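These notes concern the structure reproduced below.
The values are calculated or read from the model by the stated rules, or taken from the named source; none is laboratory data. On a predicted model such as this, the values are computed, not experimentally measured, just so you know. Glycine gets a Cβ as well: all are built from the backbone with ideal geometry, and neighbour counts include every protein chain shown.
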Amino acid sequence: MATAAFGLIALVVLGSALGLVLKRNAIHGALFLVVNLGGIAALYLTLGAEFLAAAQVIVYAGAIMVLFVFAIMVLIPGKEETGPDPRRGYRMLALPLGAALLAELVMIGARRGAAPRGPGVPGGVEAIGRLLFTDYLFPFELTSVLLLAAMVGVMLLAKRT
Amino acid sequence: MVPESYYLALSAILFAIGVVGVVVRRNPLVIFMSIELALNAANLALVAFGHRHGTADGQALVFFVMAVAAAEVAVGLAIIVVIFRARHRLSVDDLNLMRW
């Protein structure tokens, strides 16, 4: 049952990822990416990470993708990638290189010792919150500085001079 | 129970698709979305590792990745908008100002 659910979600995730890369229309790609992010949120749920699944839907599929769709609408693409590709030969090199990368990743992933399975899987908000405010307190505070810097920088960039 | 290696394999495939998308596509917006795809593949691997070891550390890391990705997308899209405003075209092949 669990394996069947995983296989179904994995098919959706892989199909939408391929759709993003292969479709020429950017807005179709954005919608494929929403499906992909939703599928990954479902995978988080199967791994017992409820908090991350909710954050994934809210932050990624919500905020970030709205930003993407907004930028696509503002920039009116769709006629940029219609002409023949002048560098098609170079770009087709990406396929063997991507296959080589995948082979390396699989080799690294397959080479592992028998990992000890810890006691239970803490996936709730409580465990993550405890970690964020004890072991990861400094990076957590740095994140707020980073977000503030990004906010100010975006306003500066987007300002018409 | 699905073994974690399935999740790792899926994550590796997604990451490779994302990298190929970055190289193949010409629209900077689609390149950005492919980067998001690769980041999500890494996140999935982190959660799977955390699940294997029974700790929430992987999930805390994914939380940080999400925050950094949000900042990155905001700044990157602003830069793309500025470039589009200056050039009125949107293809990475046109951006060769800093090429030697």
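The rows are residues; the columns are (1) at pLDDT below 90; (2) within 7 Å of another protein chain (Cβ to nearest Cβ); (3) surrounded by fewer than 15 Cβ atoms within 10 Å (Cβ to Cβ).
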{"position": "A:ALA26", "(1), (2), (3)": "yes, yes, no"}
{"position": "A:ALA49", "(1), (2), (3)": "yes, yes, no"}
{"position": "A:VAL59", "(1), (2), (3)": "no, yes, no"}
{"position": "A:MET65", "(1), (2), (3)": "no, no, no"}
{"position": "A:PHE68", "(1), (2), (3)": "no, yes, no"}
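Just give me the residues in region B:78-94 being in contact (Cβ under 8 Å) with a residue 60 or more places away in the chain, outside any helix (DSSP H, G or I) and not small (Gly, Ala, Ser), in sequence order. Of everything in region B:78-94, just one residue is in contact (Cβ under 8 Å) with a residue 60 or more places away in the chain, outside any helix (DSSP H, G or I) and not small (Gly, Ala, Ser), namely B:LEU90.
When B:GLU36 is tested against the conditions (1) at the interface with chain A (Cβ under 7 Å from one of its Cβ atoms); (2) among the charged types (D, E, K, R); (3) over 12 Å from the mean Cα position of the chain (by Cα), the lone failure is (3). Among the residues of region B:59-69, is any assigned to a loop (DSSP other than H, G, I, E, B), in contact (Cβ under 8 Å) with a residue 12 or more places away in the chain, under 24 Å from A:ILE72 (Cα atoms) and more than 7 Å from chain A (Cβ to nearest Cβ)? No: zero hits. Here B:ARG26 fulfils each of the conditions (1) in a helix (DSSP H, G or I); (2) facing another protein chain (nearest Cβ under 7 Å); (3) over 13 Å from the mean Cα position of the chain (by Cα) apart from (1).
Tell me, yes or no, whether region B:15-32 has at least one residue that is of a type in the set (S, T, N, Q) and buried (at least 24 other Cβ atoms within 10 Å of the Cβ). Even if it seems obvious, please write down each step before you answer.
Just the residues of region B:15-32 that are of a type in the set (S, T, N, Q), to begin with: B:27.
Then keep just the ones that are buried (at least 24 other Cβ atoms within 10 Å of the Cβ); that gives none.
Checking region B:15-32: not a single residue is of a type in the set (S, T, N, Q) and buried (at least 24 other Cβ atoms within 10 Å of the Cβ).
Scanning region B:23-58 for residues that are more than 30 Å from A:MET92 (Cβ to Cβ), in contact (Cβ under 8 Å) with a residue 24 or more places away in the chain and not hydrophobic (A, V, I, L, M, F, W, C) turns up B:HIS51, B:ARG52. Apart from one condition, B:ASN43 fits all of (1) out of contact with any Phe, Trp or Tyr (no Cβ under 8 Å at 6 or more places or on another chain); (2) of a type in the set (S, T, N, Q); (3) facing chain A (nearest Cβ under 7 Å); the exception is (3). Only one of the numbered conditions (1) part of a helix (DSSP H, G or I); (2) buried (at least 17 other Cβ atoms within 10 Å of the Cβ) is not met by B:VAL75, and that is (2).
Among the residues making up region A:143-161, those that are more than 8 Å from every other protein chain (Cβ to nearest Cβ), part of a helix (DSSP H, G or I) and under 15 Å from B:LEU77 (Cα atoms) are A:VAL152, A:MET155, A:LEU156. Can we say B:VAL19 is within 7 Å of another protein chain (Cβ to nearest Cβ), of a type in the set (A, V, I, L, M) and touching a residue at least 12 places away in the same chain (Cβ under 8 Å)? The answer is yes for B:VAL19.
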